[in-house]
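The values are calculated or read from the model by the stated rules, or taken from the named source; none is laboratory data. The model shown is predicted, which means the values in this text are computed figures rather than measured ones. Here the Cβ is made from the backbone with ideal geometry for all residues, glycine too, and neighbour counts use every protein chain on show.
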Amino acid sequence: MAAFWEDPTWIALWPKAVTLDFLIEQSTKRQARNLLRSREDTRHEKAVDPITGTVVGYARWILPPGHVTAADGKPTWAEAQVPDVGEAERKHYEELAASAWWNPKEGMGEIDAKNEVVMERILAERPYITLDYLAVHPENKGKGIGTALVESGIQHAEKIGLPIFVLAFKAGRGIYERLGFKEVDRVIQDDTKYGGQGEYGAYFMVYDVRPESRMRP
């Protein structure tokens, strides 16, 4: 959450009275429910400080339809799948999430409408593993944490034999370029009417796995 608080457009999603600490508190209530959502196709990895045990980075990946199960019948990339819980525990998490305040400003969604059109077109062309979310705490930037998380996903994509898609923004675009992602499209918009600083750029990037990886069943 703190990582996104450095993005003016993301900050503009919320009423001015809303603070980062308040959003972190509310997001925490929603976290367990969100992790259990779409278990079949969603995979999660985190980076942990070996000394303090603090989570310093996180990546969420989404597998495409038809690729959530491996040839042996087990879940694809099973080690990154969140363990399931019982019905009572799931209900508790649902109730906790429902108690959270999570009300971004109305009308802000339209700025991403053009991005969604482009993303849907690209994802319809062939199956991709989607890097859906990548965040590193601001206090730990510049330590290679984001790079390590993306590299881990690339290694698994090579094993699975599927390319990766990511909708990148300016702050994280350099990581993907250094790791071999190629830009296939972009959408640049003026976000001043939403409280932004003028340029809201979305960069659609793809990482192609090696040909021998694509041949795997």
**Message:** Restricting to segment 192-206, give me the number of residues that are farther than 15 Å from residue 61 by Cα and crowded, with 18+ Cβ neighbours inside 10 Å.
**Reply:** 5
**Item:** Of all residues in segment 94-144 being among the small types (Gly, Ala, Ser), modelled with pLDDT of 95 or more and in a helix (DSSP H, G or I), the one that is farthest from the chain's Cα centre (by Cα)
**Value:** 98
**Asked** Has segment 8-21 got any residue that is crowded, with 18+ Cβ neighbours inside 10 Å, at pLDDT 90 or above, of a type outside the set (A, V, I, L, M) and out of contact with any Pro (no Cβ under 7 Å at 6 or more places or on another chain)?
**Response** no
**Item:** Residues of segment 184-206 satisfying the condition of being without any contact (Cβ under 8 Å) to a residue 40 or more places away in the chain and closer than 15 Å to residue 174 by Cα
**Value:** 186, 201, 203
**Complete:** Subset of segment 160-208, residues within 17 Å of residue 130 (Cβ to Cβ), assigned to a strand (DSSP E or B) and touching a Ser or Thr at 6+ places or on another chain (Cβ under 6 Å), comes to 165
**Request:** Could you check, for segment 67-85, whether at least one of its residues is surrounded by fewer than 17 Cβ atoms within 10 Å (Cβ to Cβ) and among the aromatic types (Phe, Trp, Tyr)?
**Result:** no
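Being among the aliphatic types (A, V, I, L, M) and within 23 Å of residue 148 (Cα to Cα) is the requirement here; does residue 55 meet it? Give the steps one after another, and end with the answer.
Numbers: among the aliphatic types (A, V, I, L, M): yes; within 23 Å of residue 148 (Cα to Cα): yes.
For residue 55, the condition - among the aliphatic types (A, V, I, L, M) and within 23 Å of residue 148 (Cα to Cα) - is met.
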